[in-house]
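Every number here is computed from the coordinates shown, using simple stated rules; none is lab data. Note that the structure is predicted; figures quoted are calculated from it, not measured. All Cβ positions, glycine included, derive from the backbone under ideal geometry; neighbour counts span all protein chains shown.
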Amino acid sequence: MKIIFSAATDVGQKRERNEDYFTVVPEHNLAVLCDGMGGLNAGDVASRATVRIVSNVFKKHLERKIAPVYVDINTTLPNEAKYIVGAIRLANRHLTNITPVKGGARQQMGTTIEVAYFAGNNLFIGHVGDSRIYRLRNQTLEQLTDDHSWVNELLQDKEITEAEAENFHARNVITRALGVKPTVKIDILISEVQPGDKYLLCSDGLTGPVSDELIKQELVRCGNDIQSVTRQLITAANNNGGPDNITLAIAHVVSVSNQTYKLSRVSQTIPEETPGIISDANKLLHDIYGKRQKRPLWSVMAAFVILVIIITSFMLWKGKPAPTSISETNHQPPVVEQTLPVETTTELPQHEEQAFGTLHIVIWSVENKQADVFLDGKPLGKALNIYNEGIKVTPGRHNLVLKLNSLEIYNNTFTISASGKKTVEID
C-alpha cells in the first residue's frame with residue numbers, strides 16, 4: 001500500500017498561541033492529530049504529549065509491550081485496533097497524572113485525538129472529541145467520525161434542527177476528551193481503503209469556518225497535489241475569520257497491496273477501562289517514560305554545587321559575606337530539568353535586540369534533522385545545521401516549512417514580537 005501524506009497547522013486569526021499538534025509517520029502509514037482544549041489549562045501541553053505518546057507506540061514498536069492496557073477489549077477486534085486503544089488509554093493516563101496543581105486546586109488539561117493507521121489495505125481509526133476524519137471517494141465526501149459534542153448529541157436526539165445547530169450558543173462544548181478523567185470511551189472505526197481515496201484529519205478550526213461542500217470541492221480539485229489543498233484549506237479558514245487554530249492532515253491512497261486481508265466495516269465504542277487496567281497503565285508509563293524523565297543523582301548534586309559556587313563568587317565580588325546555605329538567600333532550592341537548546345550569539349546593541357525575535361527549532365527525530373528549512377519561502381539550509389542555533393527574525397507573522405525528500409513534514413504560521421522567542425518542536 002502506497003500513501004502520500006501532507007499536513008500543516010496554523011494559529012488562525014484570533015488565538016495568541018497554537019494548541020493543536022500533529023505528526024505524520026509515513027514509514028508506519030500513521031497520522032495523529034490533537035486539538036488541545038483552549039478552555040482548560042495547558043491545552044498545548046496536552047495535545048503535544050498525547051501525539052508523542054500515541055505515535056511512539058508505533059514508531060518504537062511498543063504495541064506488544066502495552067498489551068496490559070487493552071487486554072479487556074473484545075477479542076474479535078483486530079490487533080491494530082487494540083494497539084490504538086492501548087496507546088490512547090496510555091496517553092489519557094499520562095495527562096491525568098501530570099495535571100498541575102495551582103492555588104491548591106487541581107487544574108485540568110485536555111485534548112481531542114484522531115488516529116489514522118493504515119495497514120493491510122484497511123484504515124483503523126481512533127477517535128475522541130470533536131475533531132474529525134473525512135473520506136473522499138469517487139467525489140463523494142463522507143464524515144467517518146461522529147462529534148463528541150453537546151450540539152451533536154442534541155442533533156442526534158432531534159432536539160434541535162440543523163439550522164438551529166449552526167447558531168447554537170455552545171457549539172464548542174465537547175462531551176468526551178482525553179485528560180479530563182482517568183478513564184475514557186474511545187470510538188474505533190475500521191474500513192477498507194481503495195486506490196484514490198483521500199482521508200482528511202482536521203481540528204474544528206477548519207470545519208467551523210469552512211463548509212463540507214468547500215472541503216469536498218478543494219479535495220476534488222487538487223487531484224494528486226495534496227500539498228496545495230492543505231494550504232488552500234488553511235487559507236479558506238483564515239479568510240472566513242480564522243476563529244481557532246487550524247490543523248489538518250491528508251492521506252492520499254495511491255495504490256493498495258495485492259497480498260493483504262480485507263475486514264468488514266466496524267464502528268464500535270470501547271467502554272472505559274477498569275481500575276486494574278488503570279493500574280497497569282501507570283506501571284507502563286513508569287517503565288517506558290519514567291526512567292528517561294529522571295536525572296541521575298550525581299547530575300543533581302553537580303548542579304547544586306555549581307549554583308553554590310556561582311552565588312559565593314557573586315557575593316564575594318560584591319564585597320558581602322557569602323551565605324552559609326541556600327536557605328539564607330531569597331532563592332528557592334535549585335530545580336534541575338531538561339532544557340531546550342539555547343542559542344549562542346554575539347551580544348547586540350540594545351536597539352538591535354529589540355528589532356528582532358528569535359526562532360528556535362528543536363528536532364527530536366534524527367531522520368528529520370536532514371529536512372530542508374524554509375522561512376517565508378526562503379531556504380535556510382538543513383535542519384541539522386540550525387538545530388542548536390536561534391534564528392533572528394523580524395517581528396510579525398511568518399511561515400515555517402520543513403521538507404524531507406520533497407515531503408512537507410511541517411508547515412505552520414506563527415507570530416513573533418520584537419525580542420520575543422518562539423520555539424518549534426518537531427518529532
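Rank the residues H61, H127 as a footprinting-exposure proxy: fewest other Cβ atoms within 10 Å of their Cβ go first. Let's see the in-between values first.
Numbers: H61 10, H127 28.
Going from least to most buried by this count: H61, H127.
List S47, S406, S279 from most exposed to least, where exposure is judged by having the fewest other Cβ atoms within 10 Å. Please report the intermediate quantities before stating the final value.
Numbers: S47 32, S406 7, S279 13.
Lowest to highest Cβ neighbour count: S406, S279, S47.
Quick check on the exposure proxy: order L380, L123 from fewest to most C-beta atoms within 10 angstrom. Don't skip to the end; give the middle numbers.
Values: L380 17, L123 25.
Starting with the residue having the fewest Cβ neighbours, the order is L380, L123.
Cβ neighbours within 10 Å, averaged per peptide: list 86-93, 48-55 in order, most packed at the top.
Peptide ranking by packing, descending: 86-93, 48-55.
In the structure displayed, which of K65/K185; K369/K392; K2/K382; K262/K369; K14/K403 lie more than 31 Å apart, Cα to Cα? Can you show the working numbers first?
Details: K65/K185 22 Å; K369/K392 20 Å; K2/K382 27 Å; K262/K369 37 Å; K14/K403 28 Å.
Checking Cα-Cα distances, K262/K369 exceed 31 Å.
Once the convex hull of the C-alpha atoms of region 2-293 is built, how many Å³ does it hold per residue, rounded to a whole number? Present the calculation step by step, with values, prior to reporting the outcome.
Details: hull volume 41.9 nm³, N = 292.
Here the figure is 143 Å³ per residue.
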